[in-house]
Amino acid sequence: MPPHSLSPNVLSWVPQEQIEEVALQQIHSLSEMPFIFKHVAVMPDCHFGLGATVGSCIPTLRAIIPAAVGVDIGCGMIAAKTSMSRADLP
């Protein structure tokens, strides 16, 4: 599934209407921080979290957000070998 652009700084792998409103607000607020590198990525398991949205990837430039790593890190995502190469990815 290709990502949806929710804003210039947010790419989502889940349709916006499937994201709870409070999580959307959290994602958009975070994406406007000056240290966000390129965009925040929203995964299919996203939901509101304390400190940061669970199921989001938050790349930063010269910044660390300790609250962005929760106790459930990796709870809904797995790694799987595919036939795709890096060139196949967006």
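Taking ALA52 as the residue in question, decide whether it is hydrophobic (A, V, I, L, M, F, W, C), surrounded by 14 or more Cβ atoms within 10 Å (Cβ to Cβ), at negative phi and not in a loop (DSSP other than H, G, I, E, B). Walk me through it before giving the result.
Numbers: hydrophobic (A, V, I, L, M, F, W, C): yes; surrounded by 14 or more Cβ atoms within 10 Å (Cβ to Cβ): yes; at negative phi: yes; not in a loop (DSSP other than H, G, I, E, B): no.
It is false that ALA52 is hydrophobic (A, V, I, L, M, F, W, C), surrounded by 14 or more Cβ atoms within 10 Å (Cβ to Cβ), at negative phi and not in a loop (DSSP other than H, G, I, E, B).
Out of all the residues in the range 1-51, which are charged (D, E, K, R) and either more than 12 Å from the chain's Cα centre (by Cα) or closer than 18 Å to ALA63 by Cβ (or both)?
Looking only at the range 1-51, we keep the residues that are charged (D, E, K, R), and these are 17, 20-21, 32, 38, 45.
Across the range 1-51, the qualifying residues are GLU17, GLU20, GLU21, GLU32, LYS38.
For every residue, the table says whether it meets (1) surrounded by fewer than 17 Cβ atoms within 10 Å (Cβ to Cβ); (2) without any contact (Cβ under 8 Å) to a residue 12 or more places away in the chain.
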{"site": "PRO2", "(1), (2)": "yes, no"}
{"site": "SER5", "(1), (2)": "yes, yes"}
{"site": "VAL10", "(1), (2)": "no, no"}
{"site": "GLU17", "(1), (2)": "yes, yes"}
{"site": "ILE36", "(1), (2)": "no, no"}
{"site": "ILE58", "(1), (2)": "no, no"}
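Taking SER83, is it at pLDDT 80 or above and surrounded by 17 or more Cβ atoms within 10 Å (Cβ to Cβ)? Steps first, please.
Details: at pLDDT 80 or above: yes; surrounded by 17 or more Cβ atoms within 10 Å (Cβ to Cβ): no.
For SER83, the condition - at pLDDT 80 or above and surrounded by 17 or more Cβ atoms within 10 Å (Cβ to Cβ) - is not met.
For GLU32, only one of the following conditions fails: (1) modelled with pLDDT under 90; (2) surrounded by fewer than 17 Cβ atoms within 10 Å (Cβ to Cβ). What is its number? If we test GLU32 against (1) modelled with pLDDT under 90; (2) surrounded by fewer than 17 Cβ atoms within 10 Å (Cβ to Cβ), just (1) comes out false.
The values are calculated or read from the model by the stated rules, or taken from the named source; none is laboratory data. Computed from a predicted model, the values in this text were never measured in an experiment. Counting neighbours? That spans all protein chains shown, and the Cβs are built from the backbone with ideal geometry, glycine included.
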